[in-house]
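Here is the structure we will look at, set down as structure tokens.
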Amino acid sequence: MIRLRLYKARERQRVIDPAELEAAYAAVDPETKPVFEHDRVMVWVSDRDHCRVERRVRCRDLHLVESGTDVLPRTRGLEVLRTPGADYRWVHSLDWRWGAGEYLDRDRVDAIVDRALDMEPWAGSPECPVGLVHLSYLMWFHNGAMANGAAWPLDYCTAEQIAAFIAAATYFELDAVADLMSRLEPDDALSHEYWDLSGPFGEDASLIRDALRCKLVESPGDWV
């Protein structure tokens, strides 16, 4: 059984026959905030070309990560709905809660990002946690790219520092970001590509923050 929920439409929910899934998936309007649900897998269609895929197991939310991001091509969501029991890479993440009194996870992520921003990782102590050093490099690249364009390291950084930026993106499994860093050009050609990668839903550095939440769960020893 496949359910479709529409949060911003008069018709809020309906059951879809599997034979009608492809047509319904292609026709649904992202503005209605649609969610397809099948066998405990939920596919959130976020815009014309992208989606997020989630699963709930034993009161724990997981999301599907591929190529270092949980922002997937919309066509991929359809494939997952057709085969929800396949061996996908489900990743635990910290709860991202905004209700009054339920702010601890949010504050933890924000505090770690702020600490990374306060560092100069190339001058850091070898005693600094490895995760924090990688995050610091990644945030330095990100802030420079947002302010001056993605090519800024070519004018201001050494080859070793650029290699550290790439290593940081690789550590967080942000493969698309690491690839972009490896092919920096002296003009501004890659800036819009990076901006789209780093904030796919219009939220600054949301991709990095999502990756950080994953690493805090998967590799807690890298942060102490």
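Taking the residues in segment 161-183 that are open to solvent by 70 Å² or more (accessible area, probe 1.4 Å) and charged (D, E, K, R) as candidates, determine which candidate is nearest to the chain's Cα centre (by Cα).
This residue is D175.
Within segment 145-190, count every residue that is touching a helix residue (DSSP H, G or I) at 6+ places or on another chain (Cβ under 7 Å) and not aliphatic (A, V, I, L, M).
Matching residues across segment 145-190 total 11.
Looking at A24, A19, which is the one that is among the hydrophobic types (A, V, I, L, M, F, W, C), open to solvent by 50 Å² or more (accessible area, probe 1.4 Å), outside any loop (DSSP other than H, G, I, E, B) and at pLDDT 90 or above?
That would be A19, the only listed residue that is among the hydrophobic types (A, V, I, L, M, F, W, C), open to solvent by 50 Å² or more (accessible area, probe 1.4 Å), outside any loop (DSSP other than H, G, I, E, B) and at pLDDT 90 or above.
Any residue at all in segment 184-196 that's under 12 Å from the mean Cα position of the chain (by Cα) and either in contact (Cβ under 8 Å) with a residue 12 or more places away in the chain or loosely packed, with under 14 Cβ neighbours inside 10 Å (or both)? Walk me through how you get there before you give the answer.
Let us first name the residues in segment 184-196 that are under 12 Å from the mean Cα position of the chain (by Cα), namely 196.
Among the residues that remain, those that are also either in contact (Cβ under 8 Å) with a residue 12 or more places away in the chain or loosely packed, with under 14 Cβ neighbours inside 10 Å (or both) are: 196.
Yes, the conditions are met somewhere in segment 184-196.
With the requirement that a residue be part of a strand (DSSP E or B) and either at pLDDT 85 or above or surrounded by fewer than 11 Cβ atoms within 10 Å (Cβ to Cβ) (or both), what does segment 67-89 give you? So that I can check it myself, show each step before the final result.
Here is the first cut: in segment 67-89, the residues part of a strand (DSSP E or B) are 69, 72-73.
Correct list: L72, P73.
For segment 213-224, give me the residue count where each residue is within 13 Å of T69 (Cβ to Cβ) and at pLDDT 85 or above.
Of the residues in that region, 0 qualify.
Pull up segment 38-66, narrow it to residues that are surrounded by fewer than 18 Cβ atoms within 10 Å (Cβ to Cβ) and among the acidic types (D, E), then point me to the one that is nearest to I166 (Cα to Cα).
Step by step, filter segment 38-66, then rank; the result is E66.
Can you pull out the residues in segment 135-153 that are surrounded by 12 or more Cβ atoms within 10 Å (Cβ to Cβ) and either more than 24 Å from the chain's Cα centre (by Cα) or free of Cβ contacts under 8 Å to residues at least 40 places away in the same chain (or both)?
Within segment 135-153, S136, Y137, W140, N143, G144, N148, W152, P153 meet the criteria.
The values are calculated or read from the model by the stated rules, or taken from the named source; none is laboratory data. What you see is a predicted model, and the numbers here were worked out from it, not measured in a lab. FYI the Cβ positions are ideal-geometry reconstructions off the backbone, even for glycines, and counts take in every protein chain you see. Areas reflect the complete protein model, heavy atoms only, side chains present, ligands, DNA and RNA absent. Shrake-Rupley method; radii C 1.70, N 1.55, O 1.52, S 1.80 Å.
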